[in-house]
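Heads up: the structure comes next, in structure tokens.
Nothing in this text is a laboratory measurement; each read-out follows from the coordinates by a stated rule. Just so it is clear, the model here is predicted, and its values are computed rather than measured. Ideal geometry is used to build each Cβ from the backbone, glycine not excepted, and the neighbour counts take in all protein chains shown.
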Amino acid sequence: MIEIKDLHFGYKKNKPLFSGLNLTLSTGHIYGLLGKNGAGKSTLLKNMIGLAYPAKGGCYYKGKNVFGRPVSVLEDVYFLAEELFMPDLTPAQYVANTAVFYPKFSKADFYQYLVALDVDMDAVMNKQSYGQQKKAMIAFGLATNTGLIIMDEPTNGLDIPSKVQFRKLIASVLTEDRCIVISTHQVRDLDSLIDTLLILHNGGILVNQSMDEVTEKITFGSYADTEGLAVLYEEKGQRGKNVIMQNTTGDYSKVDLELLFNAITNGNQPVLQTLKATANERDI
């Protein structure tokens, strides 16, 4: 669905953010894009939808170059930016003015999502709290029923119950012909939601694997004493040491996204090499 080919981009001429980045995203998946602040997550998302123009390379949606911003692309893509600029309108008024740009928009879905997220349907949107504004736009985005939904830091400003409801709604709207990309630095907000992990670091995608692949290759645990264990990476925790080890038993553990993210962005080569290894390489 999305294909990024040899992407070169930088805000300063002699300081590229991306140099030859390649990435392919498919339908039927919820991708979690993780990266440190300043890693270029928002910039990459903007390149995906043609809001940023590269020095070289291209981004394609269903085979069409997004940088021309063709209508056939715009009407099938919804982008929720981190920063919101809300109109002086109620949700109903906003739909009346904006939904026409999305051929598959469903008013019934929109009001259903507003109720689920506990958003006041009659309130003027720019008079509401940041969290309420964010939830209203999440509801609108899901109701567009576009093939591609991209969300940049969607859980910023949401309280804990709203984050739980957000995860439920995202999981419920995924279909085989839809792709959802969520970028965040709040790693735990994607816990149990994403099915494919992307980690952006130092201008490249260091990890692009399904969660099933991750758990097949590595395992997570917490131990008071790690002596004698073949630990790939460890951090001190409240109850001892949180560790990552190679999965040699075939048993699956819950993925600790925060621990894995820290290992990768701290340059831990044993973890990265284990994730990139094929089944044959691991068995040697």
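Return 69, 167 ranked ascending by Cβ neighbour count within 10 Å, so the fewest neighbours appear first.
So the ranking, lowest neighbour count to highest, is 69, 167.
Taking other Cβ within 10 Å of each residue's Cβ, how do 219, 248 sort, fewest first?
Arranged by neighbour count, lowest to highest, 219, 248 become 248, 219.
Post the alpha-carbon centroid distance, region 7-27 to region 139-212, in whole angstrom.
21
Compute the relative contact order of the chain as a whole-number percentage, counting only Cα pairs closer than 8 Å that sit 6 or more residues apart in sequence.
Over the chain, the number comes to 19 percent.
Taking the Cα centre of region 2-201 as origin and charging only Cβ (+1 Lys, Arg; -1 Asp, Glu), how large is the dipole, in debye to the nearest 20?
720
Could you work out the percent of alpha carbon pairs in the chain separated by over 34 Å, rounded to a whole number?
So the pairs more than 34 Å apart make up 25 percent of the total in the chain.
Could you list 175, 27 so that the one with the fewest beta carbons within 10 Å of its beta carbon is first and the one with the most is last?
Fewest-to-most Cβ neighbours within 10 Å comes out as 175, 27.
Of the DSSP beta bridges with both residues in region 2-201, give the percent that are antiparallel, rounding to the nearest 5.
For region 2-201, the DSSP antiparallel bridge percentage is about 40.
Rounded to the nearest 500, what is the chain's calculated 222 nm mean residue ellipticity when only DSSP H runs of at least 4 contribute -39500 (n - 2.57) each, over all residues?
My calculation for the chain gives -8500 deg cm²/dmol from helical runs alone.
Past the 18 Å Cα-Cα mark, which pairs from 104/127; 15/41; 135/168; 13/64; 64/104?
Correct reply: 104/127; 13/64; 64/104.
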